[in-house]
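Right, one structure below, let's go through it.
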Amino acid sequence: DAGVIQSPRHEVTEMGQEVTLRCKPISGHDYLFWYRQTMMRGLELLIYFNNNVPIDDSGMPEDRFSAKMPNASFSTLKIQPSEPRDSAVYFCASMRLAGADTQYFGPGTRLTVL
Amino acid sequence: EDQVTQSPEALRLQEGESSSLNCSYTVSGLRGLFWYRQDPGKGPEFLFTLYSAGEEKEKERLKATLTKKESFLHITAPKPEDSATYLCAVQGGGTSYGKLTFGQGTILTVHP
């Protein structure tokens, strides 16, 4: 299996621009998670989906952030408008319901907002 | 609210010098405690899941143990390739299924 795939791997944008991060989970996994990692706050859960339905979005920092999962093999995390404080590494992870609760992480997208 | 505290923040070892990393947690009913390894520029890589106090799991030079308040990751005779950040996470019974709370991590450096 190819594992969790994220794109782009690096994104540099200017404040105010829209940013879209993409994730393809492992085939057959029921859950998809979006995390953000910074030096100050560590790894934080933003939102997660079960069978394409958002379950908990309490970690989404504000209305500028939105996430969708139109089908079982694709999800997006959008920031509009972006701000310098959004600079971080964003990870996507997926999990199979009968898979001993193990989440498998993608390689991450390093976002820099200038 | 679930909380996870890892110590030390950073640990430097000589090759072959065994040691332990600590993960203290506060949860409302533990569903599972997870250890991950993260190399620079990469996503966390799963190591172990522990479900109940007294449980132990081993993988090569790593051994994870669990009590009602903390978990230890024991590293026996480490090698330079064990250098990484080790993350601990918990899934509490009071949270939605699948939701993990991570600690800040311990940065391990093993010198040859």
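The values are calculated or read from the model by the stated rules, or taken from the named source; none is laboratory data. Since this is a predicted model, take the numbers as computed values, not measurements. In this analysis, Cβ positions are derived from the backbone assuming ideal geometry, glycine residues included, and neighbour counts consider all displayed protein chains. Heads up: the accessible areas ignore ligands, DNA and RNA and are worked out on the full protein's heavy atoms, side chains in. Shrake-Rupley method; radii C 1.70, N 1.55, O 1.52, S 1.80 Å.
Looking at the stretch B:80-112, which of its residues are in a loop (DSSP other than H, G, I, E, B), surrounded by 14 or more Cβ atoms within 10 Å (Cβ to Cβ) and away from chain A (no Cβ under 14 Å)?
B:Ser83
Within the stretch A:2-42, track down each residue that is without any contact (Cβ under 8 Å) to a residue 60 or more places away in the chain, within 15 Å of the chain's Cα centre (by Cα) and over 25 Å from B:Ser96 (Cα atoms).
The answer is A:Thr20, and nothing else.
For residues in the stretch A:37-61 being outside any strand (DSSP E or B) and on the phi > 0 side of the Ramachandran plot, which is most open to solvent (accessible area, probe 1.4 Å)?
A:Asn51
Let me spell it out: the conditions are (1) among the aliphatic types (A, V, I, L, M); (2) in contact with an Asp or Glu (Cβ under 8 Å, 6 or more places away or on another chain); (3) more than 9 Å from every other protein chain (Cβ to nearest Cβ), and A:Met95 meets all of them except one. Which number is the exception?
All conditions are met except number (3).
Can you pull out every residue in the stretch B:49-79 that is open to solvent by 80 Å² or more (accessible area, probe 1.4 Å), part of a strand (DSSP E or B) and closer than 18 Å to B:Thr106 by Cβ?
Scanning the stretch B:49-79 gives a single hit, B:Lys59.
Filter the stretch A:77-95 down to the residues that are within 15 Å of A:Arg36 (Cβ to Cβ) and part of a strand (DSSP E or B) and list them by number.
Matches in the stretch A:77-95: A:Leu77, A:Lys78, A:Ile79, A:Ala88, A:Val89, A:Tyr90, A:Phe91, A:Cys92, A:Ala93.
Quick one: in the stretch A:67-114, which of the residues that are acidic (Asp, Glu) and at pLDDT 95 or above is surrounded by the fewest Cβ atoms within 10 Å (Cβ to Cβ)?
Going through the qualifying residues, I end up with A:Glu83.
Just to be sure I understand the filter: pairs with C-beta atoms under 7 Å, separated by 6 or more residues or on different chains, first member in the stretch A:43-55 and more than 8 Å from chain B (Cβ to nearest Cβ) and within 14 Å of A:Met95 (Cα to Cα), second member open to solvent by 10 Å² or more (accessible area, probe 1.4 Å) and of a type in the set (Val, Ile, Thr). Which pairs pass?
Going by the 7 Å Cβ cut-off, the qualifying pairs are A:Phe49/A:Ile55.
With respect to A:Ser82, is the statement that it is touching a Cys at 6+ places or on another chain (Cβ under 7 Å) and more than 9 Å from every other protein chain (Cβ to nearest Cβ) true?
no
Take the residues in the stretch B:24-47 that are in a loop (DSSP other than H, G, I, E, B) and facing chain A (nearest Cβ under 10 Å), then tell me which one is nearest to B:Thr85 (Cα to Cα).
B:Pro44
Just one of B:Gly29, B:Gly93, B:Gly16, B:Gly105 is out of contact with any Asp or Glu (no Cβ under 9 Å at 6 or more places or on another chain) and at pLDDT 95 or above; which is it?
Of the residues listed, the single one that is out of contact with any Asp or Glu (no Cβ under 9 Å at 6 or more places or on another chain) and at pLDDT 95 or above is B:Gly16.
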